[in-house]
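Here it is: the structure, laid out below.
The values are calculated or read from the model by the stated rules, or taken from the named source; none is laboratory data. All of these numbers come straight from a predicted model, not from anything done at the bench. Glycine gets a Cβ as well: all are built from the backbone with ideal geometry, and neighbour counts include every protein chain shown.
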Amino acid sequence: MPKEEGLLRVEDLTVHYTTLIGDVKAAEDVFFILKEGQTLGLAGESGCGKTTTGLAILRLLPPNGKIVGGKVIFEGKDLTKIDHETFRREIRWKKISMIFQGAMNSLHPTKTVGDQIAEAIVIHENIDKKEALERAGKLLDLVGVGAERLDRYPHELSGGMKQRSVIAMALACNPRLIIADEPTTALDVIVQAQVMKVIKELQEKLKLSMIIISHDLSLIAETSSQVAIMYAGKIVEYGDVAAVYKESLHPYTEKLIGAFPSILGPKKELSTIHGFPPDLINPPPGCRFHPRCPYAKEKCKKETPVLKNIGKNHYVACHLY
Amino acid sequence: MKQLELEEAEIKIDKDAHIISLGLKKYFPIKLGFFRSLFTKEIPYVRAVDGVSFYIKRGEIFGLVGESGCGKTTTGRLLLRLIEPTSGKIYFNGIDLLALTEDKLRKMRKKMQIIFQDPYESLNPRMSIYDILAEPIEIQGLTESAEETLEKVKNALEDMDLVPPEQFLFRFPHEISGGQRQRVAIARAFIVNPEFIVADEPVSMLDASIRTEVLKLMLEMVKKVKVTFLFITHDIALARYMCSRIAVMYLGKIVEMGDVEKIIHDPAHPYTEALIAAVPVPDPTARRAEVVIKGEVPSPINPPPGCRFHPRCPYAKERCKKEEPQLVEISKGRYVACHFPIK
């Protein structure tokens, strides 16, 4: 494992959810480093633990979710050790903010967009409402909604506008890190492309550090500098986007990338992965991918592979390497 | 099929056409409150589908592509007469579907099936997989005995790679995964040996790793039983993988229609061009054209006059604001509804 710290260093983070029929091992030994000004894509299918990882960093897990191990080191401090009240006041939204999945539908219906953004600023910073509204206006300009829409209600805005307002809200307190959970999933392709363009412009203009969580590998390819591919609660491959996509090592990554039809180039056969993702209450022993892996050997059924460094900033958890 | 009608149609109908839709329209009235209804003379309508003409050849996979609200799902349902059109014609095997009585329509139904988007809602939670698959066979009276029905159900499960079938027969939908459910829904559509299937976003609820197998099983089945297939999707990259011909819809109208590869390599309508440019690709090194169109789809209650795409079109001219473009053939089998198609 690399020693460097970066802006955020997630080390062996393990999260379990308690249920009546046993613990769901939603994320196990998650490891990644995010450097200042870079964007990390957390990719994987439903139930792979990507959202859980995001929520654990922000300490927003539901009541039955618990961080059972590992560290989240941010600005040199372990976030898992900070008490809730300090976390709420000092870290959440002020230092790390989040764009939630389907956030555009979670805007308060009877409050104007401006008020909702200003509220976040007033709570965390020592300024009055007028100033906060002014800043909210500037933020709306920045994301392409326009300051003139400050006093609009959510129902007066289109889906794309709402999603941009939510992005503005995440930027409200000048956070050092933004976690975006499926930021464009509910949008149509063209609007999605427009919102992605806004995100890319912000990345350049504000030198944002981001974690983008998505099931859509195409989307991550276009926005991230690094990517971590998750499967069944574990990171199977991690590294620079170009390396992971072009020279994928893990059989799962390779198949997953091949499963997305492309609009460019000649028509290609899509790759298939036989079977279904495992139940995380009783995950398979050894490598969690082995029941679906075409290259699985005896060793894969018994020994759990760890993330190994293969070449420059490229890690893989697979016995083949 | 009345020869006259087909000759008057805006598109040339292939002689091999199995399903034909001519000028199909569906307007949904908007319910007004008591007071507004007193002062409103005309009831406003949502023009979900506004004059759609196309044909599907026998045994081909035809794609309807478009964003949410473009009318693609409504078109699919109209073709099966699950909802009644406001106007227009539908021919199935040369038979005017809209002229059929309830009774005759029911007999036709076994030839037409639908696969819905969400397998969590389309399967009855109180029925076992066996019951779900046996019900259509029994209703249509396709088998003579219980053994024969069981055999048919087992074969259908095997066709969908749900093996061994005995393991699935007496399970309930909540006991199997989403991907398996969708396979059951697909098996249910194929089990009555239909001639025509409408698949409405059949894989949009499935994860990437599960999706491809379902797509491949569908392709195999279409080939095996030679069914005519309408594939409705918002994802033009997926349509490319599945279909031979597609129609791109925008605000209730077809803007472009033809061979899928030709449309993707050189789109003629500015909307199609934008739609293709907007699709993200799973390749970090690919250089992409930028999406130039602004804004979002306007309301289908008061669609813009002239070309419906003109307020967002980067190439719009005066003429586009006034005159509505008709679907015209620009090369063999390729139709575009645009005053200034991209060359």
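Somewhere in the stretch A:237-244, is a residue farther than 25 Å from B:LEU275 by Cβ, facing chain B (nearest Cβ under 8 Å) and of a type in the set (Gly, Ala, Ser)?
Yes, the stretch A:237-244 contains a residue that is farther than 25 Å from B:LEU275 by Cβ, facing chain B (nearest Cβ under 8 Å) and of a type in the set (Gly, Ala, Ser).
Take the residues in the stretch A:266-291 that are within 14 Å of chain B (Cβ to nearest Cβ), closer than 21 Å to A:ASP29 by Cα and buried (at least 19 other Cβ atoms within 10 Å of the Cβ), then tell me which one is modelled with the lowest pLDDT.
A:PRO277
Starting from the stretch A:25-51, keep only residues that are away from chain B (no Cβ under 14 Å), then list their pairs with residues that are among the aromatic types (Phe, Trp, Tyr) whose Cβ atoms are within a distance under 7 Å, requiring at least 6 positions of separation or different chains.
A:ALA26/A:TYR17; A:PHE32/A:TYR238
The rows are residues; the columns are (1) assigned to a helix (DSSP H, G or I); (2) within 14 Å of another protein chain (Cβ to nearest Cβ); (3) modelled with pLDDT of 95 or more.
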| site | (1), (2), (3) |
| --- | --- |
| B:ASN193 | no, no, no |
| B:SER204 | no, yes, no |
| B:ILE210 | yes, yes, no |
| B:VAL214 | yes, yes, no |
| B:LYS223 | yes, no, no |
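Within 27 Å of A:GLY41 (Cβ to Cβ) and more than 25 Å from the chain's Cα centre (by Cα) - does that describe any residue in the stretch B:275-282?
Taking the stretch B:275-282 first, the residues within 27 Å of A:GLY41 (Cβ to Cβ) are B:275-282.
After this cut, where a residue has to be more than 25 Å from the chain's Cα centre (by Cα) as well, the list is B:282.
Looking through the stretch B:275-282, at least one residue is within 27 Å of A:GLY41 (Cβ to Cβ) and more than 25 Å from the chain's Cα centre (by Cα).
Still on this structure: With the requirement that a residue be surrounded by fewer than 22 Cβ atoms within 10 Å (Cβ to Cβ) and part of a strand (DSSP E or B), what does the stretch B:20-46 give you? Steps first, please.
Filtering the stretch B:20-46 for residues surrounded by fewer than 22 Cβ atoms within 10 Å (Cβ to Cβ) gives B:22-23, B:25, B:27-46.
Answer for the stretch B:20-46, where residues must be surrounded by fewer than 22 Cβ atoms within 10 Å (Cβ to Cβ) and part of a strand (DSSP E or B): B:LEU22, B:GLY23, B:LYS25, B:TYR27, B:PHE28, B:PRO29, B:TYR45, B:VAL46.
Output the number of residues of the stretch B:242-263 satisfying the condition of being more than 18 Å from B:ASP16 (Cα to Cα), out of contact with any Ser or Thr (no Cβ under 7 Å at 6 or more places or on another chain) and either surrounded by fewer than 22 Cβ atoms within 10 Å (Cβ to Cβ) or aliphatic (A, V, I, L, M) (or both). If you could, list the steps in order and put the result at the bottom.
Taking the stretch B:242-263 as the starting set, the residues that turn out to be more than 18 Å from B:ASP16 (Cα to Cα) are B:242, B:248-256, B:260-263.
Filter once more, so that each one left must be out of contact with any Ser or Thr (no Cβ under 7 Å at 6 or more places or on another chain): B:242, B:249-254, B:261-262.
Next, only the ones that are either surrounded by fewer than 22 Cβ atoms within 10 Å (Cβ to Cβ) or aliphatic (A, V, I, L, M) (or both) stay: B:242, B:249, B:251, B:254, B:261-262.
Within the stretch B:242-263, residues that are more than 18 Å from B:ASP16 (Cα to Cα), out of contact with any Ser or Thr (no Cβ under 7 Å at 6 or more places or on another chain) and either surrounded by fewer than 22 Cβ atoms within 10 Å (Cβ to Cβ) or aliphatic (A, V, I, L, M) (or both) number 6.
Further, regarding this structure: Residues in the stretch A:119-130 that are in contact with a helix residue (DSSP H, G or I) (Cβ under 8 Å, 6 or more places away or on another chain) and farther than 30 Å from A:GLY76 by Cα: how many?
Counting residues in the stretch A:119-130 that are in contact with a helix residue (DSSP H, G or I) (Cβ under 8 Å, 6 or more places away or on another chain) and farther than 30 Å from A:GLY76 by Cα gives 2.
Each row is one residue, and each column tells you yes or no for (1) out of contact with any Gly (no Cβ under 8 Å at 6 or more places or on another chain); (2) among the charged types (D, E, K, R).
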| position | (1), (2) |
| --- | --- |
| A:VAL15 | no, no |
| A:LEU61 | yes, no |
| A:LYS66 | yes, yes |
| A:GLY76 | yes, no |
| A:GLN101 | yes, no |
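Within the stretch B:314-334, is even one residue part of a loop (DSSP other than H, G, I, E, B), free of Cβ contacts under 8 Å to residues at least 24 places away in the same chain and in contact with a helix residue (DSSP H, G or I) (Cβ under 6 Å, 6 or more places away or on another chain)?
no
OK, next. Picking from A:THR86, A:THR110, which residue would you name as being surrounded by fewer than 19 Cβ atoms within 10 Å (Cβ to Cβ) and closer than 27 Å to B:SER68 by Cβ?
Numbers: A:THR86 fails: closer than 27 Å to B:SER68 by Cβ.
Of the residues listed, the single one that is surrounded by fewer than 19 Cβ atoms within 10 Å (Cβ to Cβ) and closer than 27 Å to B:SER68 by Cβ is A:THR110.
Only one residue in B:PRO305, B:PRO325 is surrounded by fewer than 16 Cβ atoms within 10 Å (Cβ to Cβ) and not aliphatic (A, V, I, L, M). Which one?
Working: B:PRO325 fails: surrounded by fewer than 16 Cβ atoms within 10 Å (Cβ to Cβ).
Going through B:PRO305, B:PRO325 in turn, just one is surrounded by fewer than 16 Cβ atoms within 10 Å (Cβ to Cβ) and not aliphatic (A, V, I, L, M): B:PRO305.
For B:PRO119, all conditions in the list (1) in contact with a Lys or Arg (Cβ under 6 Å, 6 or more places away or on another chain); (2) under 12 Å from B:ILE191 (Cβ atoms) hold save one; what is the number of the exception?
Failing condition for B:PRO119: (2).
Please enumerate the residues belonging to the stretch B:58-99 that are at pLDDT below 95, part of a strand (DSSP E or B) and either aromatic (Phe, Trp, Tyr) or surrounded by fewer than 17 Cβ atoms within 10 Å (Cβ to Cβ) (or both).
Answer for the stretch B:58-99, where residues must be at pLDDT below 95, part of a strand (DSSP E or B) and either aromatic (Phe, Trp, Tyr) or surrounded by fewer than 17 Cβ atoms within 10 Å (Cβ to Cβ) (or both): B:SER87, B:TYR91, B:PHE92, B:ILE95, B:ASP96.
Pick out the one residue from B:ALA268, B:ALA278, B:ALA239 that is on the phi < 0 side of the Ramachandran plot and more than 12 Å from chain A (Cβ to nearest Cβ).
Details: B:ALA278 fails: more than 12 Å from chain A (Cβ to nearest Cβ); B:ALA239 fails: more than 12 Å from chain A (Cβ to nearest Cβ).
Step by step, each of B:ALA268, B:ALA278, B:ALA239 is checked, and only B:ALA268 is on the phi < 0 side of the Ramachandran plot and more than 12 Å from chain A (Cβ to nearest Cβ).
Here is a check on your reading of the model: is B:CYS313 within 13 Å of chain A (Cβ to nearest Cβ), out of contact with any Leu (no Cβ under 6 Å at 6 or more places or on another chain), farther than 30 Å from B:GLU60 by Cα and at pLDDT 90 or above?
Numbers: within 13 Å of chain A (Cβ to nearest Cβ): yes; out of contact with any Leu (no Cβ under 6 Å at 6 or more places or on another chain): yes; farther than 30 Å from B:GLU60 by Cα: yes; at pLDDT 90 or above: yes.
For B:CYS313, the condition - within 13 Å of chain A (Cβ to nearest Cβ), out of contact with any Leu (no Cβ under 6 Å at 6 or more places or on another chain), farther than 30 Å from B:GLU60 by Cα and at pLDDT 90 or above - is met.
Among the numbered criteria (1) assigned to a strand (DSSP E or B); (2) in contact (Cβ under 8 Å) with a residue 60 or more places away in the chain, which one does B:TYR55 miss?
With respect to (1) assigned to a strand (DSSP E or B); (2) in contact (Cβ under 8 Å) with a residue 60 or more places away in the chain, B:TYR55 is out only on (2).
If we scan the stretch A:108-118, do we find a residue that is closer than 22 Å to A:PRO183 by Cα, among the small types (Gly, Ala, Ser) and under 24 Å from the mean Cα position of the chain (by Cα)?
Checked the stretch A:108-118: no residue is closer than 22 Å to A:PRO183 by Cα, among the small types (Gly, Ala, Ser) and under 24 Å from the mean Cα position of the chain (by Cα).
Evaluate the following for B:HIS310: is it touching a helix residue (DSSP H, G or I) at 6+ places or on another chain (Cβ under 8 Å) and free of Cβ contacts under 8 Å to residues at least 12 places away in the same chain?
Judged against the criteria, B:HIS310 is a match.
A further question follows. Only residues that are among the small types (Gly, Ala, Ser), on the phi > 0 side of the Ramachandran plot and assigned to a loop (DSSP other than H, G, I, E, B): list them for the stretch B:242-265, please.
Taking the stretch B:242-265 as the starting set, the residues that turn out to be among the small types (Gly, Ala, Ser) are B:244, B:247, B:252, B:258.
Filter once more, keeping what is on the phi > 0 side of the Ramachandran plot: B:252, B:258.
Once the filter is applied, which keeps residues that are among the small types (Gly, Ala, Ser), on the phi > 0 side of the Ramachandran plot and assigned to a loop (DSSP other than H, G, I, E, B), the stretch B:242-265 yields only B:GLY252.
Which of the strands (runs of 3 or more DSSP E) contained wholly in the stretch A:225-321 include at least 3 residues that are over 30 Å from A:THR18 (Cβ atoms) and either of a type in the set (A, V, I, L, M, F, W, C) or in contact (Cβ under 8 Å) with a residue 12 or more places away in the chain (or both)?
A:314-316
If you check B:GLY306 against the conditions, is it within 14 Å of chain A (Cβ to nearest Cβ) and in a loop (DSSP other than H, G, I, E, B)?
Numbers: within 14 Å of chain A (Cβ to nearest Cβ): no; in a loop (DSSP other than H, G, I, E, B): yes.
No; evaluated as a whole, the condition is false for this residue.
Let me ask something else about it. From A:ILE179, A:ILE211, A:ILE190, which residue is in contact with a Leu (Cβ under 7 Å, 6 or more places away or on another chain), within 27 Å of B:ALA208 (Cβ to Cβ) and within 14 Å of chain B (Cβ to nearest Cβ)?
Numbers: A:ILE179 fails: within 14 Å of chain B (Cβ to nearest Cβ); A:ILE211 fails: within 14 Å of chain B (Cβ to nearest Cβ).
Only one candidate qualifies: A:ILE190.
Name the single residue that is modelled with the lowest pLDDT among those in the stretch B:316-343 being within 30 Å of A:SER218 (Cα to Cα) and of a type in the set (Lys, Arg).
B:LYS343
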